[in-house]
Amino acid sequence: MNRRFISLVLPVFLLVGCYKNDFGQRRFKPNRFSVTPNSNQNYVNIIDTLGFYIPILDSAFVSEYNLEDYQSGLKFYSNGKFGLFKGVDMLNPASFKPDQAQMGYYNYSSKGFVLEYFYKVPGRKYRRSIDSLLITQSSIDTLYIQSFRSATSIDEITKYIKVPLPINALKFKPDW
């Protein structure tokens, strides 16, 4: 009975292509991404894997949604991985554990610097986002990332500034 159950359930699990970790974050298989993880070592001239990049949001937006004490941002790792963190405590290194972040991959090539991740949309579904880092406008301390959501929406450019991470937050490795 157990063998038959496993033989029926296992193919379904393998077709799904993702699972949830202990923090409830979806972990998609690398083959679901169109961006291949970075192999170009010149990425260190554009991003800093020791920093945390926080978005600079419009003050009206921040007050409308009560985000004064809410911090989100991007943490880049080596091997073409990055985490999109939401609701972190900048003074608590444990809030920077990668298994609490949305997973993503980046690639730096002659075509540019591309970031890809999945985000949740209503209906328990996920949609892919492929964003571009605007290299000509960015520096290692300030990133400008252009987001393309759909053919009918306006491309959005978000400015991110680098802030230092607590030393103990640098020891964590991504779980994807």
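Return the residues of the range 27-58 that are in contact with a Phe, Trp or Tyr (Cβ under 8 Å, 6 or more places away or on another chain), of a type outside the set (Ser, Thr, Tyr) and in a loop (DSSP other than H, G, I, E, B); say none if nothing qualifies. Result: PHE33, VAL35, PRO37, ASN38, ASN40, ILE46, ILE47, ASP48, ILE56. From the list GLY83, GLY51, GLY104, which one is on the phi < 0 side of the Ramachandran plot, surrounded by 16 or more Cβ atoms within 10 Å (Cβ to Cβ) and without any contact (Cβ under 8 Å) to a residue 40 or more places away in the chain? Exactly one residue qualifies, and that residue is GLY104. For LEU74, the criteria (1) touching a Ser or Thr at 6+ places or on another chain (Cβ under 9 Å); (2) surrounded by 15 or more Cβ atoms within 10 Å (Cβ to Cβ) hold in every case but one, which is (1). For LYS97, the stated conditions hold: it is among the basic types (Lys, Arg), out of contact with any strand residue (DSSP E or B) (no Cβ under 7 Å at 6 or more places or on another chain) and either surrounded by 11 or more Cβ atoms within 10 Å (Cβ to Cβ) or modelled with pLDDT of 90 or more (or both).
The set of residues from the range 44-99 being under 20 Å from GLU156 (Cα atoms), within 14 Å of the chain's Cα centre (by Cα) and small (Gly, Ala, Ser) comprises SER72, GLY73, GLY83. Of the numbered conditions (1) in contact with an Asp or Glu (Cβ under 8 Å, 6 or more places away or on another chain); (2) touching a residue at least 40 places away in the same chain (Cβ under 8 Å); (3) surrounded by 12 or more Cβ atoms within 10 Å (Cβ to Cβ), PHE23 satisfies every one except a single condition; which is it? Evaluating PHE23 over (1) in contact with an Asp or Glu (Cβ under 8 Å, 6 or more places away or on another chain); (2) touching a residue at least 40 places away in the same chain (Cβ under 8 Å); (3) surrounded by 12 or more Cβ atoms within 10 Å (Cβ to Cβ) leaves (3) as the failure. If you go through the range 93-149 and keep only what is aromatic (Phe, Trp, Tyr) and farther than 16 Å from ASN38 by Cβ, you end up with PHE96, PHE118, TYR119, TYR126, TYR144, PHE148.
Looking only at the range 95-110, decide whether some residue is in contact with an Asp or Glu (Cβ under 8 Å, 6 or more places away or on another chain) and under 19 Å from ILE56 (Cα atoms). There is no residue in the range 95-110 that is in contact with an Asp or Glu (Cβ under 8 Å, 6 or more places away or on another chain) and under 19 Å from ILE56 (Cα atoms).
The values are calculated or read from the model by the stated rules, or taken from the named source; none is laboratory data. Keep in mind that this is a model prediction, so the values were computed, not measured. Heads up, the Cβs are rebuilt from the backbone with ideal geometry, glycines too, and the neighbour counts pull from every protein chain shown.
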